[in-house]
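Q: Following this message is one structure expressed as structure tokens.
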């Protein structure tokens, strides 16, 4: 799958989001990411017109959400910086387990916690480059790996039992990069999984 990631200045997002919106009824198989892809809508703009939407919960069939309507008059080119990036996306979760902490979208927890047995292989679903592989005592993340997937997409995998890749390594889809653990500030075996696009956190479950 491919999608175009549009990065707009904050003022443009607000003018577009507040300009107009239309109702959309959720169908079977819909996720926010899939709706945004099909409708060619930026995820940030979609979330902006649905401020009461709980992003940690799956969409329900029949649920009504708002879709932003972008018009030429609403966008001011001189106030926006636009970069189009074509990204090959396959965002399967790094482990199969129980989601013990959902996505809150706050600095304290801008990802999801997935619990699984100690030592469970943590796998990547896309090709990328390892930019961090270290023990991080300052933040409480313990053994942590950060992978740059290109196009502004980064993923962080934390609380690992052990890291199996080094900075500079290129990883391939399905490759085991770490073993699930409970290092750092952790109460049990799990992986803290976070995804950002150009520094903006997104709900990993919305990418499924």
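Q: Could you line up 24, 149, 103 from fewest to most neighbouring Cβ atoms inside 10 Å?
A: Listed from fewest to most nearby Cβ atoms, that is 24, 149, 103.
Q: Taking the beta-carbon count within 10 Å as an exposure proxy, list 106, 120 from fewest neighbours to most.
A: Sorted ascending by nearby Cβ count, the order is 106, 120.
Q: Please give, to one decimal in nm, the separation of the simple spin-label points placed at residue 132 and residue 170, each 7 Å out from Cα toward the Cβ.
A: Between residue 132 and residue 170, the simple spin-label model gives 2.4 nm.
Q: In nm², what is the average projected area of the convex hull enclosing the Cα atoms of the range 120-176?
A: Spelled out: convex hull of the Cα atoms, projected over all directions, averaged, 3.7 nm².
Q: Among 141, 91, which comes first, then next, by fewest other beta-carbon atoms within 10 Å?
A: Least crowded to most crowded, the residues run 91, 141.
The numbers here are math on the coordinates, done by the rules we state, and not lab data. This one's a predicted model, so the numbers in the text were calculated from it and none came from an experiment. Heads up, the Cβs are rebuilt from the backbone with ideal geometry, glycines too, and the neighbour counts pull from every protein chain shown.
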